[in-house]
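What follows is a set of notes on a single structure, which appears directly below.
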Protein chains: 2
Amino acid sequence: MTSAAGSTTDRADTLELLGLVAHLQHVSFGRLSDIAREAPELTQQWEMSRLAAGAVRRRDQVLARTSELGGDCAPRVGDYTQLLGDFDHRTQPSNWWERLLHSYVVDGVSDDFCRIAAGQVDDTSRQLLLEVLDDAARAEFSVAALESAGARDEVLVSRLALWGRRVVGEALNVVQQALAGHPGLMRLILRWDEEKTKADDGGGAANESTADASNRLFGELTAEHTRRMSRLGLTA
Amino acid sequence: MTSAAGSTTDRADTLELLGLVAHLQHVSFGRLSDIAREAPELTQQWEMSRLAAGAVRRRDQVLARTSELGGDCAPRVGDYTQLLGDFDHRTQPSNWWERLLHSYVVDGVSDDFCRIAAGQVDDTSRQLLLEVLDDAARAEFSVAALESAGARDEVLVSRLALWGRRVVGEALNVVQQALAGHPGLMRLILRWDEEKTKADDGGGAANESTADASNRLFGELTAEHTRRMSRLGLTA
(Lines give C-alpha, C1' and ligand atoms only; values in the text may rest on other atoms or scores of the structure.)
Protein backbone atom coordinates (compact mmCIF):
# COMPACT_ATOMS: atom_id res chain seq x y z
CA MET A 1 0.00 0.00 0.00
CA THR A 2 1.42 3.34 -1.09
CA SER A 3 0.33 6.21 1.06
CA ALA A 4 1.59 9.53 2.24
CA ALA A 5 -1.42 9.91 4.55
CA GLY A 6 -1.67 8.52 8.07
CA SER A 7 -3.42 5.22 8.80
CA THR A 8 -6.65 6.83 10.06
CA THR A 9 -7.16 8.60 6.75
CA ASP A 10 -6.36 5.37 4.93
CA ARG A 11 -9.03 3.54 6.86
CA ALA A 12 -11.62 6.24 6.19
CA ASP A 13 -10.80 6.18 2.46
CA THR A 14 -10.99 2.38 2.43
CA LEU A 15 -14.40 2.48 4.12
CA GLU A 16 -15.51 5.04 1.53
CA LEU A 17 -14.57 2.67 -1.29
CA LEU A 18 -16.07 -0.39 0.44
CA GLY A 19 -19.35 1.53 0.87
CA LEU A 20 -19.37 2.42 -2.81
CA VAL A 21 -18.64 -1.13 -3.97
CA ALA A 22 -21.27 -2.57 -1.60
CA HIS A 23 -23.87 -0.19 -2.95
CA LEU A 24 -22.89 -0.80 -6.57
CA GLN A 25 -23.32 -4.54 -6.02
CA HIS A 26 -26.68 -3.90 -4.40
CA VAL A 27 -27.80 -1.75 -7.34
CA SER A 28 -26.45 -4.40 -9.70
CA PHE A 29 -28.65 -6.98 -7.93
CA GLY A 30 -31.68 -4.79 -8.70
CA ARG A 31 -30.70 -4.38 -12.35
CA LEU A 32 -29.98 -8.08 -12.82
CA SER A 33 -33.32 -9.06 -11.28
CA ASP A 34 -35.07 -6.67 -13.70
CA ILE A 35 -33.23 -8.35 -16.57
CA ALA A 36 -34.19 -11.77 -15.16
CA ARG A 37 -37.86 -10.78 -15.06
CA GLU A 38 -37.87 -9.56 -18.65
CA ALA A 39 -35.67 -12.21 -20.24
CA PRO A 40 -37.54 -13.84 -23.14
CA GLU A 41 -36.39 -17.42 -22.40
CA LEU A 42 -36.96 -19.22 -19.12
CA THR A 43 -33.37 -20.51 -19.04
CA GLN A 44 -32.15 -16.91 -19.49
CA GLN A 45 -34.34 -15.90 -16.54
CA TRP A 46 -32.70 -18.62 -14.47
CA GLU A 47 -29.21 -17.58 -15.53
CA MET A 48 -29.79 -13.89 -14.80
CA SER A 49 -31.33 -14.63 -11.39
CA ARG A 50 -28.14 -16.56 -10.52
CA LEU A 51 -26.08 -13.51 -11.43
CA ALA A 52 -28.41 -11.37 -9.28
CA ALA A 53 -27.90 -13.77 -6.36
CA GLY A 54 -24.13 -13.53 -6.95
CA ALA A 55 -24.32 -9.73 -6.56
CA VAL A 56 -26.04 -10.20 -3.18
CA ARG A 57 -23.28 -12.56 -2.06
CA ARG A 58 -20.54 -10.14 -3.18
CA ARG A 59 -22.26 -7.17 -1.53
CA ASP A 60 -22.45 -9.11 1.73
CA GLN A 61 -18.73 -9.99 1.53
CA VAL A 62 -17.94 -6.27 1.24
CA LEU A 63 -20.32 -5.43 4.11
CA ALA A 64 -18.56 -8.07 6.23
CA ARG A 65 -15.16 -6.51 5.51
CA THR A 66 -16.58 -3.10 6.46
CA SER A 67 -17.69 -4.50 9.82
CA GLU A 68 -14.23 -6.05 10.33
CA LEU A 69 -12.76 -2.57 9.93
CA GLY A 70 -15.27 -1.28 12.47
CA GLY A 71 -17.25 0.66 9.86
CA ASP A 72 -20.93 0.86 9.00
CA CYS A 73 -21.89 0.85 5.35
CA ALA A 74 -25.47 2.07 5.70
CA PRO A 75 -24.79 5.83 6.15
CA ARG A 76 -22.02 5.80 3.53
CA VAL A 77 -24.24 4.02 1.04
CA GLY A 78 -27.00 6.56 1.58
CA ASP A 79 -24.77 9.21 -0.04
CA TYR A 80 -24.69 7.23 -3.27
CA THR A 81 -28.38 6.35 -3.38
CA GLN A 82 -29.42 9.73 -4.81
CA LEU A 83 -26.59 9.86 -7.35
CA LEU A 84 -27.21 6.35 -8.68
CA GLY A 85 -30.98 6.75 -8.52
CA ASP A 86 -30.74 9.88 -10.70
CA PHE A 87 -28.52 8.00 -13.12
CA ASP A 88 -31.05 5.16 -13.43
CA HIS A 89 -33.81 7.71 -13.93
CA ARG A 90 -31.91 9.41 -16.78
CA THR A 91 -31.03 6.11 -18.47
CA GLN A 92 -34.23 4.05 -18.49
CA PRO A 93 -33.85 1.16 -20.94
CA SER A 94 -36.83 0.84 -23.27
CA ASN A 95 -36.46 -2.89 -23.99
CA TRP A 96 -34.67 -6.01 -22.82
CA TRP A 97 -31.65 -5.51 -25.12
CA GLU A 98 -31.13 -1.97 -23.90
CA ARG A 99 -31.45 -3.22 -20.34
CA LEU A 100 -28.81 -5.89 -20.97
CA LEU A 101 -26.41 -3.40 -22.57
CA HIS A 102 -27.12 -0.84 -19.82
CA SER A 103 -26.01 -3.33 -17.19
CA TYR A 104 -22.97 -4.40 -19.24
CA VAL A 105 -21.78 -0.81 -19.74
CA VAL A 106 -22.47 0.36 -16.18
CA ASP A 107 -20.96 -2.67 -14.47
CA GLY A 108 -17.94 -2.35 -16.77
CA VAL A 109 -17.25 1.30 -15.97
CA SER A 110 -17.96 1.01 -12.26
CA ASP A 111 -15.90 -2.17 -11.86
CA ASP A 112 -12.96 -0.53 -13.68
CA PHE A 113 -13.18 2.56 -11.51
CA CYS A 114 -13.40 0.56 -8.29
CA ARG A 115 -10.57 -1.76 -9.37
CA ILE A 116 -8.29 1.26 -9.89
CA ALA A 117 -9.19 2.70 -6.49
CA ALA A 118 -8.86 -0.74 -4.86
CA GLY A 119 -5.17 -0.80 -5.76
CA GLN A 120 -4.61 1.81 -3.04
CA VAL A 121 -6.19 0.19 0.02
CA ASP A 122 -4.88 -2.35 2.57
CA ASP A 123 -3.95 -5.83 1.35
CA THR A 124 -6.96 -7.73 2.75
CA SER A 125 -9.50 -5.21 1.47
CA ARG A 126 -7.75 -5.01 -1.89
CA GLN A 127 -7.71 -8.77 -2.34
CA LEU A 128 -11.40 -9.03 -1.47
CA LEU A 129 -12.37 -6.12 -3.75
CA LEU A 130 -10.41 -7.49 -6.70
CA GLU A 131 -12.13 -10.86 -6.26
CA VAL A 132 -15.56 -9.23 -6.02
CA LEU A 133 -14.90 -7.03 -9.05
CA ASP A 134 -13.53 -9.85 -11.20
CA ASP A 135 -16.78 -11.58 -12.00
CA ALA A 136 -16.49 -12.58 -15.62
CA ALA A 137 -19.74 -14.60 -15.61
CA ARG A 138 -21.90 -11.48 -15.62
CA ALA A 139 -20.28 -9.99 -18.70
CA GLU A 140 -20.11 -13.31 -20.54
CA PHE A 141 -23.84 -13.85 -20.50
CA SER A 142 -24.47 -10.32 -21.85
CA VAL A 143 -21.80 -10.67 -24.51
CA ALA A 144 -23.23 -13.98 -25.74
CA ALA A 145 -26.83 -12.71 -25.79
CA LEU A 146 -25.99 -9.36 -27.41
CA GLU A 147 -23.65 -10.91 -29.97
CA SER A 148 -26.25 -13.41 -31.10
CA ALA A 149 -28.86 -10.64 -31.35
CA GLY A 150 -26.47 -8.45 -33.34
CA ALA A 151 -25.74 -11.24 -35.80
CA ARG A 152 -29.45 -11.33 -36.67
CA ASP A 153 -30.33 -7.63 -36.75
CA GLU A 154 -28.33 -4.71 -38.21
CA VAL A 155 -30.82 -2.05 -37.10
CA LEU A 156 -30.62 -3.31 -33.51
CA VAL A 157 -26.82 -3.09 -33.66
CA SER A 158 -26.77 0.58 -34.64
CA ARG A 159 -29.47 1.45 -32.09
CA LEU A 160 -27.54 -0.33 -29.36
CA ALA A 161 -24.31 1.45 -30.32
CA LEU A 162 -26.13 4.77 -29.88
CA TRP A 163 -27.63 3.62 -26.58
CA GLY A 164 -24.20 2.46 -25.34
CA ARG A 165 -22.73 5.91 -26.02
CA ARG A 166 -25.52 7.59 -24.10
CA VAL A 167 -25.19 5.25 -21.12
CA VAL A 168 -21.40 5.54 -20.91
CA GLY A 169 -21.59 9.35 -21.10
CA GLU A 170 -23.95 9.40 -18.14
CA ALA A 171 -21.90 6.79 -16.28
CA LEU A 172 -18.67 8.79 -16.61
CA ASN A 173 -20.59 11.81 -15.41
CA VAL A 174 -21.59 9.88 -12.27
CA VAL A 175 -17.94 8.96 -11.65
CA GLN A 176 -17.01 12.64 -11.89
CA GLN A 177 -19.74 13.62 -9.42
CA ALA A 178 -18.80 10.80 -7.05
CA LEU A 179 -15.17 12.02 -7.04
CA ALA A 180 -16.22 15.64 -6.53
CA GLY A 181 -18.48 14.73 -3.62
CA HIS A 182 -16.19 12.18 -1.91
CA PRO A 183 -12.65 13.41 -1.17
CA GLY A 184 -11.72 9.93 0.07
CA LEU A 185 -12.29 8.46 -3.39
CA MET A 186 -10.36 11.32 -5.00
CA ARG A 187 -7.40 10.64 -2.67
CA LEU A 188 -7.31 6.99 -3.79
CA ILE A 189 -7.31 8.09 -7.45
CA LEU A 190 -4.55 10.65 -6.80
CA ARG A 191 -2.40 7.91 -5.24
CA TRP A 192 -3.08 5.62 -8.19
CA ASP A 193 -2.12 8.41 -10.58
CA GLU A 194 1.01 9.22 -8.64
CA GLU A 195 2.13 5.58 -8.76
CA LYS A 196 1.30 5.31 -12.43
CA THR A 197 3.05 8.55 -13.40
CA LYS A 198 6.16 7.61 -11.43
CA ALA A 199 6.28 4.27 -13.18
CA ASP A 200 5.75 5.83 -16.63
CA ASP A 201 8.22 8.71 -16.19
CA GLY A 202 10.81 6.80 -14.20
CA GLY A 203 9.94 8.73 -11.05
CA GLY A 204 9.96 12.20 -12.59
CA ALA A 205 6.56 13.77 -12.00
CA ALA A 206 5.11 13.66 -8.53
CA ASN A 207 2.38 15.81 -6.90
CA GLU A 208 -0.04 15.62 -9.83
CA SER A 209 -3.02 17.90 -9.79
CA THR A 210 -6.57 16.63 -9.36
CA ALA A 211 -7.37 17.66 -12.94
CA ASP A 212 -4.44 15.68 -14.37
CA ALA A 213 -5.35 12.60 -12.36
CA SER A 214 -8.99 12.86 -13.45
CA ASN A 215 -7.96 13.18 -17.08
CA ARG A 216 -5.84 10.06 -16.88
CA LEU A 217 -8.60 8.22 -15.03
CA PHE A 218 -11.23 9.08 -17.64
CA GLY A 219 -8.79 8.17 -20.43
CA GLU A 220 -8.37 4.75 -18.88
CA LEU A 221 -12.10 4.21 -18.25
CA THR A 222 -12.96 5.25 -21.81
CA ALA A 223 -10.32 2.97 -23.34
CA GLU A 224 -11.63 -0.01 -21.37
CA HIS A 225 -15.20 0.81 -22.36
CA THR A 226 -14.21 0.98 -26.04
CA ARG A 227 -12.55 -2.42 -25.75
CA ARG A 228 -15.71 -3.88 -24.16
CA MET A 229 -18.00 -2.44 -26.82
CA SER A 230 -15.85 -3.85 -29.60
CA ARG A 231 -16.25 -7.31 -28.02
CA LEU A 232 -19.94 -6.89 -28.89
CA GLY A 233 -19.19 -5.62 -32.37
CA LEU A 234 -20.43 -2.16 -31.36
CA THR A 235 -18.70 1.17 -32.02
CA ALA A 236 -18.04 3.03 -28.76
CA MET B 1 -43.67 -44.00 -0.03
CA THR B 2 -47.25 -45.19 -0.38
CA SER B 3 -48.30 -45.87 -3.94
CA ALA B 4 -50.65 -48.09 -5.87
CA ALA B 5 -49.20 -46.85 -9.18
CA GLY B 6 -46.11 -48.28 -10.90
CA SER B 7 -42.69 -46.66 -10.57
CA THR B 8 -42.83 -44.91 -13.97
CA THR B 9 -45.99 -43.07 -12.97
CA ASP B 10 -44.40 -42.20 -9.63
CA ARG B 11 -41.41 -40.67 -11.38
CA ALA B 12 -43.63 -38.62 -13.71
CA ASP B 13 -45.67 -37.34 -10.75
CA THR B 14 -42.50 -36.52 -8.84
CA LEU B 15 -41.14 -34.57 -11.81
CA GLU B 16 -44.47 -32.73 -12.01
CA LEU B 17 -44.13 -31.64 -8.39
CA LEU B 18 -40.43 -30.76 -8.74
CA GLY B 19 -41.29 -28.58 -11.75
CA LEU B 20 -43.97 -26.79 -9.76
CA VAL B 21 -41.73 -26.18 -6.74
CA ALA B 22 -38.86 -24.97 -8.96
CA HIS B 23 -41.15 -22.50 -10.67
CA LEU B 24 -42.72 -21.32 -7.42
CA GLN B 25 -39.24 -20.61 -6.05
CA HIS B 26 -38.39 -18.75 -9.25
CA VAL B 27 -41.54 -16.66 -8.99
CA SER B 28 -40.79 -16.09 -5.31
CA PHE B 29 -37.36 -14.73 -6.31
CA GLY B 30 -39.12 -12.18 -8.54
CA ARG B 31 -41.53 -11.16 -5.80
CA LEU B 32 -38.81 -10.88 -3.17
CA SER B 33 -36.65 -8.73 -5.44
CA ASP B 34 -39.64 -6.42 -5.99
CA ILE B 35 -40.06 -6.16 -2.23
CA ALA B 36 -36.30 -5.50 -1.88
CA ARG B 37 -36.50 -2.67 -4.40
CA GLU B 38 -39.41 -0.98 -2.64
CA ALA B 39 -38.38 -1.53 0.98
CA PRO B 40 -38.25 1.82 2.79
CA GLU B 41 -35.05 1.08 4.75
CA LEU B 42 -31.72 0.15 3.20
CA THR B 43 -31.17 -2.67 5.71
CA GLN B 44 -34.60 -4.07 4.77
CA GLN B 45 -33.56 -3.96 1.12
CA TRP B 46 -30.42 -5.93 2.02
CA GLU B 47 -32.42 -8.46 4.02
CA MET B 48 -35.03 -9.01 1.29
CA SER B 49 -32.37 -9.37 -1.41
CA ARG B 50 -30.80 -12.15 0.71
CA LEU B 51 -34.15 -13.92 0.81
CA ALA B 52 -34.44 -13.47 -2.98
CA ALA B 53 -30.97 -15.00 -3.42
CA GLY B 54 -32.09 -17.89 -1.17
CA ALA B 55 -35.02 -18.60 -3.51
CA VAL B 56 -32.58 -18.84 -6.44
CA ARG B 57 -30.46 -21.33 -4.50
CA ARG B 58 -33.48 -23.43 -3.57
CA ARG B 59 -34.82 -23.38 -7.12
CA ASP B 60 -31.46 -24.60 -8.39
CA GLN B 61 -31.42 -27.45 -5.84
CA VAL B 62 -34.79 -28.60 -7.18
CA LEU B 63 -33.61 -28.25 -10.79
CA ALA B 64 -30.56 -30.37 -9.91
CA ARG B 65 -32.79 -33.12 -8.45
CA THR B 66 -34.91 -33.01 -11.62
CA SER B 67 -31.80 -33.60 -13.71
CA GLU B 68 -30.77 -36.48 -11.44
CA LEU B 69 -34.13 -38.10 -12.22
CA GLY B 70 -33.46 -37.57 -15.91
CA GLY B 71 -36.14 -34.89 -16.23
CA ASP B 72 -36.19 -31.41 -17.69
CA CYS B 73 -37.95 -28.69 -15.75
CA ALA B 74 -38.24 -26.10 -18.50
CA PRO B 75 -41.23 -27.56 -20.40
CA ARG B 76 -43.03 -28.49 -17.18
CA VAL B 77 -42.51 -25.02 -15.75
CA GLY B 78 -43.92 -23.44 -18.90
CA ASP B 79 -47.34 -24.90 -18.01
CA TYR B 80 -47.40 -22.93 -14.77
CA THR B 81 -46.13 -19.64 -16.19
CA GLN B 82 -49.54 -18.60 -17.54
CA LEU B 83 -51.44 -19.68 -14.43
CA LEU B 84 -49.12 -17.85 -12.02
CA GLY B 85 -48.75 -14.85 -14.34
CA ASP B 86 -52.56 -14.46 -14.39
CA PHE B 87 -52.63 -14.72 -10.62
CA ASP B 88 -50.03 -11.95 -10.25
CA HIS B 89 -51.97 -9.82 -12.71
CA ARG B 90 -55.19 -10.21 -10.69
CA THR B 91 -53.48 -9.51 -7.37
CA GLN B 92 -51.25 -6.47 -7.96
CA PRO B 93 -50.21 -5.00 -4.60
CA SER B 94 -50.69 -1.25 -4.45
CA ASN B 95 -48.02 -0.53 -1.82
CA TRP B 96 -45.08 -2.10 0.00
CA TRP B 97 -47.19 -3.50 2.85
CA GLU B 98 -49.58 -5.19 0.45
CA ARG B 99 -46.61 -6.57 -1.44
CA LEU B 100 -45.13 -7.98 1.76
CA LEU B 101 -48.44 -9.59 2.79
CA HIS B 102 -49.00 -10.87 -0.76
CA SER B 103 -45.71 -12.73 -0.66
CA TYR B 104 -46.37 -14.01 2.90
CA VAL B 105 -49.82 -15.38 1.97
CA VAL B 106 -48.83 -16.86 -1.39
CA ASP B 107 -45.62 -18.49 -0.15
CA GLY B 108 -47.57 -19.86 2.81
CA VAL B 109 -50.31 -21.49 0.74
CA SER B 110 -48.00 -22.79 -1.97
CA ASP B 111 -45.46 -24.16 0.52
CA ASP B 112 -48.25 -25.94 2.43
CA PHE B 113 -49.65 -27.44 -0.76
CA CYS B 114 -46.25 -28.59 -1.99
CA ARG B 115 -45.34 -29.98 1.45
CA ILE B 116 -48.49 -32.13 1.42
CA ALA B 117 -47.75 -33.41 -2.09
CA ALA B 118 -44.06 -33.93 -1.21
CA GLY B 119 -45.08 -36.55 1.37
CA GLN B 120 -45.92 -38.90 -1.52
CA VAL B 121 -42.68 -38.89 -3.56
CA ASP B 122 -39.43 -40.88 -3.26
CA ASP B 123 -37.31 -40.42 -0.12
CA THR B 124 -34.52 -38.34 -1.66
CA SER B 125 -36.90 -35.97 -3.45
CA ARG B 126 -39.12 -35.70 -0.39
CA GLN B 127 -36.21 -34.86 1.90
CA LEU B 128 -34.96 -32.19 -0.49
CA LEU B 129 -38.42 -30.70 -0.98
CA LEU B 130 -39.15 -30.56 2.74
CA GLU B 131 -35.82 -28.77 3.29
CA VAL B 132 -36.53 -26.30 0.48
CA LEU B 133 -40.07 -25.65 1.71
CA ASP B 134 -39.06 -25.17 5.33
CA ASP B 135 -37.54 -21.73 5.07
CA ALA B 136 -38.65 -19.90 8.17
CA ALA B 137 -36.46 -16.85 7.49
CA ARG B 138 -38.72 -15.56 4.73
CA ALA B 139 -41.86 -15.57 6.87
CA GLU B 140 -40.09 -14.19 9.94
CA PHE B 141 -39.03 -11.01 8.21
CA SER B 142 -42.56 -10.38 6.94
CA VAL B 143 -44.10 -11.17 10.31
CA ALA B 144 -41.78 -8.77 12.13
CA ALA B 145 -42.30 -5.96 9.58
CA LEU B 146 -46.09 -6.39 9.36
CA GLU B 147 -46.51 -6.74 13.12
CA SER B 148 -44.61 -3.55 13.83
CA ALA B 149 -46.65 -1.70 11.18
CA GLY B 150 -49.91 -3.06 12.60
CA ALA B 151 -49.01 -1.90 16.10
CA ARG B 152 -48.82 1.66 14.77
CA ASP B 153 -51.80 1.82 12.43
CA GLU B 154 -55.30 0.39 12.95
CA VAL B 155 -56.54 1.44 9.49
CA LEU B 156 -53.64 -0.37 7.85
CA VAL B 157 -54.48 -3.51 9.84
CA SER B 158 -58.07 -3.67 8.59
CA ARG B 159 -57.04 -2.89 5.01
CA LEU B 160 -54.42 -5.63 5.13
CA ALA B 161 -56.91 -8.15 6.53
CA LEU B 162 -59.15 -7.41 3.54
CA TRP B 163 -56.21 -7.68 1.16
CA GLY B 164 -55.14 -10.99 2.73
CA ARG B 165 -58.60 -12.46 2.15
CA ARG B 166 -58.56 -11.42 -1.46
CA VAL B 167 -55.07 -12.86 -2.07
CA VAL B 168 -55.79 -16.18 -0.37
CA GLY B 169 -59.05 -16.57 -2.34
CA GLU B 170 -57.16 -16.16 -5.59
CA ALA B 171 -54.32 -18.39 -4.38
CA LEU B 172 -56.66 -21.26 -3.50
CA ASN B 173 -58.26 -20.80 -6.91
CA VAL B 174 -54.83 -21.27 -8.50
CA VAL B 175 -54.31 -24.48 -6.51
CA GLN B 176 -57.66 -25.77 -7.80
CA GLN B 177 -56.75 -24.96 -11.41
CA ALA B 178 -53.29 -26.49 -11.02
CA LEU B 179 -54.85 -29.73 -9.76
CA ALA B 180 -57.45 -29.76 -12.55
CA GLY B 181 -54.80 -29.25 -15.22
CA HIS B 182 -52.14 -31.60 -13.80
CA PRO B 183 -53.36 -35.16 -13.08
CA GLY B 184 -49.93 -36.00 -11.61
CA LEU B 185 -50.44 -33.44 -8.83
CA MET B 186 -53.98 -34.69 -8.23
CA ARG B 187 -52.65 -38.27 -7.87
CA LEU B 188 -50.22 -37.13 -5.15
CA ILE B 189 -53.07 -35.41 -3.29
CA LEU B 190 -55.30 -38.50 -3.62
CA ARG B 191 -52.54 -40.64 -2.08
CA TRP B 192 -52.07 -38.14 0.76
CA ASP B 193 -55.82 -38.15 1.38
CA GLU B 194 -55.97 -41.95 1.31
CA GLU B 195 -53.17 -42.18 3.90
CA LYS B 196 -54.75 -39.51 6.05
CA THR B 197 -58.24 -41.02 5.92
CA LYS B 198 -56.92 -44.50 6.71
CA ALA B 199 -55.07 -43.12 9.70
CA ASP B 200 -58.11 -41.13 10.92
CA ASP B 201 -60.67 -43.92 10.40
CA GLY B 202 -58.44 -46.80 11.41
CA GLY B 203 -58.26 -48.07 7.82
CA GLY B 204 -61.98 -47.86 7.07
CA ALA B 205 -62.43 -45.60 4.07
CA ALA B 206 -60.27 -46.19 1.01
CA ASN B 207 -60.75 -45.10 -2.62
CA GLU B 208 -61.76 -41.54 -1.80
CA SER B 209 -63.19 -39.45 -4.60
CA THR B 210 -61.32 -36.50 -6.08
CA ALA B 211 -63.94 -34.13 -4.64
CA ASP B 212 -63.53 -35.50 -1.10
CA ALA B 213 -59.74 -35.26 -1.33
CA SER B 214 -59.95 -31.69 -2.64
CA ASN B 215 -62.31 -30.70 0.15
CA ARG B 216 -59.94 -32.05 2.78
CA LEU B 217 -56.97 -30.39 1.05
CA PHE B 218 -58.67 -26.98 0.97
CA GLY B 219 -59.76 -27.39 4.58
CA GLU B 220 -56.15 -27.97 5.57
CA LEU B 221 -54.78 -25.09 3.45
CA THR B 222 -57.39 -22.70 4.84
CA ALA B 223 -56.71 -23.72 8.44
CA GLU B 224 -52.97 -23.15 8.00
CA HIS B 225 -53.61 -19.77 6.34
CA THR B 226 -55.86 -18.71 9.25
CA ARG B 227 -53.13 -19.66 11.70
CA ARG B 228 -50.58 -17.61 9.74
CA MET B 229 -52.82 -14.56 9.56
CA SER B 230 -53.45 -14.67 13.30
CA ARG B 231 -49.65 -14.55 13.83
CA LEU B 232 -49.88 -11.09 12.24
CA GLY B 233 -52.90 -10.13 14.32
CA LEU B 234 -55.06 -10.21 11.18
CA THR B 235 -58.46 -11.87 10.79
CA ALA B 236 -58.38 -14.43 7.97
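The values are calculated or read from the model by the stated rules, or taken from the named source; none is laboratory data. This one's a predicted model, so the numbers in the text were calculated from it and none came from an experiment. Please note: Cβ atoms are built from the backbone with ideal geometry, for glycine as well, and neighbour counts cover all protein chains shown.
Going by the conditions given, is A:Glu195 of a type in the set (D, E, K, R), more than 18 Å from A:Val105 (Cα to Cα) and in a helix (DSSP H, G or I)? Write out each step before concluding.
Numbers: of a type in the set (D, E, K, R): yes; more than 18 Å from A:Val105 (Cα to Cα): yes; in a helix (DSSP H, G or I): yes.
The answer is yes for A:Glu195.
Is at least one residue of the stretch B:118-128 under 21 Å from B:Asp34 (Cβ atoms) and either touching a residue at least 12 places away in the same chain (Cβ under 8 Å) or touching a strand residue (DSSP E or B) at 6+ places or on another chain (Cβ under 7 Å) (or both)? Full working, then the answer.
Taking the stretch B:118-128 first, the residues under 21 Å from B:Asp34 (Cβ atoms) are none.
No, that holds for no residue.
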**Condition met for B:Leu20 (of a type in the set (A, V, I, L, M, F, W, C), modelled with pLDDT of 90 or more, surrounded by fewer than 24 Cβ atoms within 10 Å (Cβ to Cβ) and in contact with a helix residue (DSSP H, G or I) (Cβ under 7 Å, 6 or more places away or on another chain))** = no
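Could you grab me the full set of residues in the stretch A:120-134 that are outside any helix (DSSP H, G or I) and surrounded by fewer than 18 Cβ atoms within 10 Å (Cβ to Cβ)? Steps first, please.
Here is the first cut: in the stretch A:120-134, the residues outside any helix (DSSP H, G or I) are A:120-122, A:134.
The answer is A:Asp122, A:Asp134.
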**Prompt:** What number of residues in the stretch A:94-104 are touching a helix residue (DSSP H, G or I) at 6+ places or on another chain (Cβ under 7 Å) and either of a type in the set (Val, Ile, Thr) or over 22 Å from A:Glu224 (Cα atoms) (or both)?
**Reply:** 1
**Asked** Restricting the first residue to the stretch A:23-46 and requiring it to be touching a residue at least 60 places away in the same chain (Cβ under 8 Å) and part of a helix (DSSP H, G or I), which pairs with a second residue that is among the β-branched types (Val, Ile, Thr) and surrounded by fewer than 21 Cβ atoms within 10 Å (Cβ to Cβ) meet a Cβ separation below 7 Å and a spacing of at least six or different chains?
**Response** none
**Asked** Is at least one residue of the stretch A:143-154 crowded, with 17+ Cβ neighbours inside 10 Å, of a type in the set (Ser, Thr, Tyr) and away from chain B (no Cβ under 14 Å)?
**Response** no
**Item:** Top-ranked residue in the stretch B:70-94 [being assigned to a loop (DSSP other than H, G, I, E, B) and exposed (fewer than 15 other Cβ atoms within 10 Å of the Cβ); ranked as nearest to the other protein chains (Cβ to nearest Cβ)]
**Value:** B:Asp72
**Message:** It is to be established whether one or more residues within the stretch B:166-187 are surrounded by fewer than 13 Cβ atoms within 10 Å (Cβ to Cβ), assigned to a loop (DSSP other than H, G, I, E, B), modelled with pLDDT under 95 and not basic (Lys, Arg).
**Reply:** no
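Yes or no: B:Ser103 away from chain A (no Cβ under 12 Å), under 30 Å from A:Val77 (Cβ atoms) and small (Gly, Ala, Ser)? Steps first, please.
Working: away from chain A (no Cβ under 12 Å): yes; under 30 Å from A:Val77 (Cβ atoms): yes; small (Gly, Ala, Ser): yes.
Spelling it out, B:Ser103 is indeed away from chain A (no Cβ under 12 Å), under 30 Å from A:Val77 (Cβ atoms) and small (Gly, Ala, Ser).
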**Request:** Please find, within the stretch A:23-69, the residue that is surrounded by the fewest Cβ atoms within 10 Å (Cβ to Cβ) out of those that are more than 7 Å from every other protein chain (Cβ to nearest Cβ) and of a type in the set (Ser, Thr, Tyr).
**Result:** A:Ser67
